[in-house]
Each structure stands twice: as C-alpha cells, then as structure tokens.
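A.B. asks: Please see the structure below; I have some questions.
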Amino acid sequence: MTEFRYEHMYPDEFAAAVEKLPVFIVPTGLLEWHGDHLPLGLDTLKVYGICLEVARKLGGGIVLPPNYYGTPGFSTYLGTLTYSEQTLRPLFLELFGQLKKAGAKVIALITGHYGKTQVDFIHAVGAEFAAANPGVHIIARPEYEGVTVNGESPSDHAGKWETSMFLALHPDKVRWGSYRQRITDMKTYPDAPLDYHKETADWTFREDLRKTSSAELGRQAVEAISDAFAADIRNALTGRGFSSP
Ligand SMILES: [Zn+2]
C-alpha cells in the first residue's frame, strides 16, 4: 500500500514521492468543543482523513501530520484552545517556505475548522504566500468551499455534517450515549482571548442529530470534498506542466 504520510516516510521514499508528484497536503484544524458526542480533536481528525483520501485519489502527494493550531473558535467552551493570527501567520508562511524548499509545486492547505475568523485567515495566508512565490500553486480553503451534497453545503459545527463525516471516518468514536440536543450547563472559560461567537452556557442543536446524521451521508460529504480537492490539484499540476496520474 502506498504511503502518503510524511512522518512515516524514509528519505528515499520521500524523494521518490516528491519526484512522482510534487504535491503537499496540509491538514489543519483545532482542539475545540464539539458537543457531548464528539471528541475535541474532531476538526483535525476529520480533515486528516479527508487529506489522506485526496492523496489516495491522486495516487500520490505527501500528507503532512495534522496540526491543531487555529484561530477562534468557540474559545470559551470546555476543551477549546485557540491562537492568534500573529502567532499563526509566521507558522504557516514558514511551513509553506519549507515545503517549497522540499520541492513543492502545489500545496493544498485544508482546514477542517471553520468560522469566518479561521476561513479568512486561511485564505489570506495562502494568498500572501502565493503572491510572493509564483513558482508554487497554493490551494487554501475550508473543506466545504465550492462543494454541495444533496444541494446543501456540507458544513456546520458539530451538527449533522460534522457528525456524519466522523461516523464515516471514525464510526466507533461517535458517543451517542452522551449526546444531548440541548445543553444548559456548558462549562465556559471566562478568560478566553476572544469570545468570538458570544458564547453562552446554553447550546441547542437545531435538529436531533441521532436522526439526521449517518455514516452514509458522511461518506457522501467526504467523497465530494476529496473529489473537489483532487480535481483542483490535478488542474494545478496540469497548468504547471506536470502530468498527474
Ligand atoms: Zn468542527
């Protein structure tokens, strides 16, 4: 089985992978509260699964280890850790620079953590690097951008879509026994750097996720999202004179 995971490769495998397809796929997310039924690392675990699927579809590319450093975020909710753009901007710009050093012609930065703050940041940091490095094609966006499933954008926070995608990727990790549709006793942190969503101790899911979520729906979303990224990466390679598999 082909190895796509950067950290598992030996130097000769890494060199061969870059030679075959100079594509680096960067999964990024956050540690963030996602209801009682989902783990805190959901955004990153989800996007990591999607990134590996993109590489499988391409038949190549190198997937970086997933990272959990992102902007707010339900910052005041139990278990959420967020970072400022001042911290993250140099981190990502230097990462892109290092990937360019390692031979990247295409870099796909995919965020599994959403919200305007994060999405604006991901767009901006991608555009900033692209402007200064015309030799590298950057794709930087959230999973769901430009994707629809059954006419809907497959995006929410811990709702039907994230729960379904997690059911597809990690079926044993959705803890239905702990699910509450309405949560009135949320533990919140008073000293969060930014109360981005004007968070309160009261949270209600719009629908009963036990009825609306399914592994099948999640599989459709993972397929549509990974198809979209694989297509854009292939187009970027073709535009730069590389033949993609
Ligand atoms: Zn999420």
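The values are calculated or read from the model by the stated rules, or taken from the named source; none is laboratory data. In this text the structure is predicted, and so the values were computed from the model without any measurement. Note that each Cβ is placed from the backbone with ideal geometry, even for glycine, and that neighbours are counted across all protein chains shown. Heads up: the accessible areas ignore ligands, DNA and RNA and are worked out on the full protein's heavy atoms, side chains in. Shrake-Rupley method; radii C 1.70, N 1.55, O 1.52, S 1.80 Å.
A.B. asks: Identify which of Gln220, Gln98, Gln118 has the largest mean-square fluctuation in a Gaussian network model of the chain, with springs joining Cα atoms closer than 10 Å.
C.D. replies: The residue that fluctuates most here is Gln98.
A.B. asks: In terms of Cα to Cα distance under 15 Å, which aspartates and glutamates are near enough to Lys20, apart from those fewer than 8 places away along the same chain?
C.D. replies: List returned: Glu3, Asp12.
A.B. asks: A further question follows. Rounded to whole Hz and in sequence order, give me ³J(HN,Hα) for the range 184-192 from the Karplus expression 6.51 cos²θ - 1.76 cosθ + 1.60, θ = phi - 60°, writing x for Gly and Pro.
C.D. replies: 10, 10, 4, 7, 10, 9, x, 9, 4
A.B. asks: Lys and Arg at +1, Asp and Glu at -1: add these up for the other residues within a Cβ distance under 15 Å of Lys100 and post the number. Show your work: numbers first, answer last.
C.D. replies: Numbers: positive: Lys101, Lys105, Arg240; negative: Glu94, Glu128.
So the surrounding residues net to +1.
A.B. asks: Go through the range 131-218 and name the trypsin sites (Lys or Arg not before Pro) that are in a DSSP coil and have 15 or fewer other Cβ atoms within 10 Å of their Cβ.
C.D. replies: On the way: sites: Lys160, Lys173, Arg175, Arg180, Arg182, Lys187, Lys198, Arg206, Arg210, Lys211; in loops: Arg175, Arg180, Lys187, Lys198, Arg206.
Filter output for the range 131-218: Arg175, Arg180, Lys187, Lys198, Arg206.
A.B. asks: Right, another one. To the nearest 0.05, how large is the calculated FRET efficiency for Glu223 and Lys116 if R₀ is 22 Å and r is the Cβ-Cβ distance?
C.D. replies: The value I calculate is 0.25.
A.B. asks: If I model a spin label as a point 7 Å beyond the Cα along the Cα-Cβ vector, how far apart are those points for Asp208 and Ala231 in nm?
C.D. replies: According to this spin-label approximation, the distance is 3.7 nm.
A.B. asks: Using Cα pairs under 8 angstrom and six or more residues apart, how large is the relative contact order of the chain, in percent? All intermediate terms of the calculation are to be shown ahead of the outcome.
C.D. replies: Details: 457 pairs, mean separation 57.4, N = 245.
This gives 23 percent for the chain.
A.B. asks: Another question, then. I'd like the Karplus ³J(HN,Hα) series for the range 119-130: coefficients 6.51, -1.76, 1.60, θ = phi - 60°, whole numbers in Hz, and an x wherever there's a Gly or Pro.
C.D. replies: Once rounded to whole Hz, the list reads 5, 4, 5, 5, 4, 5, 5, x, 5, 5, 5, 4.
A.B. asks: Starting from the amide H of Leu30, placed 1.01 Å from N in the peptide plane, find each other amide H under 5 Å away whose residue is 5 or more places distant or on another chain.
C.D. replies: Correct list: Asp43, Thr44.
A.B. asks: Solvent-accessible area of Thr204, probe 1.4 Å, all protein chains present, reported in Å² to the nearest ten, please.
C.D. replies: About 80 Å², rounded to the nearest 10.
A.B. asks: Once you've got the Cα coordinates, tell me which of Lys173/Lys211; Lys100/Lys173; Lys57/Lys105; Lys160/Lys198 are over 26 Å apart.
C.D. replies: On the way: Lys173/Lys211 17 Å; Lys100/Lys173 36 Å; Lys57/Lys105 18 Å; Lys160/Lys198 22 Å.
Pairs exceeding the cut-off: Lys100/Lys173.
A.B. asks: Looking at the range 176-230, which GluC sites (Glu not before Pro) are in a loop (DSSP not H, G, I, E or B) and have at most 16 other Cβ atoms within 10 Å?
C.D. replies: Values: sites: Glu199, Glu207, Glu216, Glu223; in loops: Glu199, Glu207.
Qualifying residues, ordered by number: Glu207.
A.B. asks: Any chance you could check the Cα centroid distance between the range 206-245 and the range 141-185 for me, in angstrom?
C.D. replies: 15
A.B. asks: Also, I was wondering about something else. Can you list residues whose amide H is under 5 Å from Leu109's amide H, if they're 5+ apart or on another chain and H is modeled 1.01 Å from N?
C.D. replies: Val26, Ile139, Ala140, Arg141
A.B. asks: Ok, one more. Just want to confirm a number: the relative contact order over the range 16-115, from Cα pairs under 8 angstrom separated by 6+ residues, in percent.
C.D. replies: Numbers: 185 pairs, mean separation 41.8, N = 100.
After rounding, I find 42 percent.
A.B. asks: State to the nearest 20 debye the size of the charge dipole of the range 1-126 about its Cα centre, where the only charges are +1 on K and R beta carbons and -1 on D and E beta carbons. Walk me through the numbers on the way to the answer.
C.D. replies: On the way: 10 positive and 12 negative charges, 68 e Å.
Magnitude of the dipole: close to 320 debye.
A.B. asks: Let me ask another. Which percentage, to the nearest 5, of the DSSP beta bridges contained in the chain is antiparallel? Don't skip to the answer; put the middle values down first.
C.D. replies: Working: 5 of 21 bridges.
Counting only bridges with both partners in the chain, antiparallel ones make up about 25 percent.
A.B. asks: Here's a follow-up. Out of Pro154, Pro22, Pro65, any idea which swings most in a Gaussian network model of the chain, alpha carbons joined below 10 Å?
C.D. replies: Per the Cα network of the chain with a 10 Å cutoff, Pro65 tops the list.
A.B. asks: I would also like to ask the following. Under the rule of at least 5 residues apart or a separate chain, name every residue whose amide H is placed under 5 Å from the amide H of Tyr77.
C.D. replies: Here Tyr189 satisfy the definition.
A.B. asks: Please report, in debye to the nearest 20, how large the charge dipole of the range 52-158 is about its Cα centre when each Lys and Arg carries +1 at its beta carbon and each Asp and Glu carries -1 there.
C.D. replies: The calculation lands at about 420 debye.
A.B. asks: Something else now. So what J values fall out for the range 175-180 if you push phi through Karplus, 6.51 cos²θ - 1.76 cosθ + 1.60 with θ = phi - 60°, rounded to Hz, Gly and Pro as x?
C.D. replies: Karplus-based 3J(HN,Hα) across the range 175-180 equals 9, 4, x, 9, 5, 10 Hz.
A.B. asks: If you don't mind, another one. Modelled label-to-label distance, Arg89 and Arg56, 7 Å Cα→beta-carbon offset: nm?
C.D. replies: 3.8
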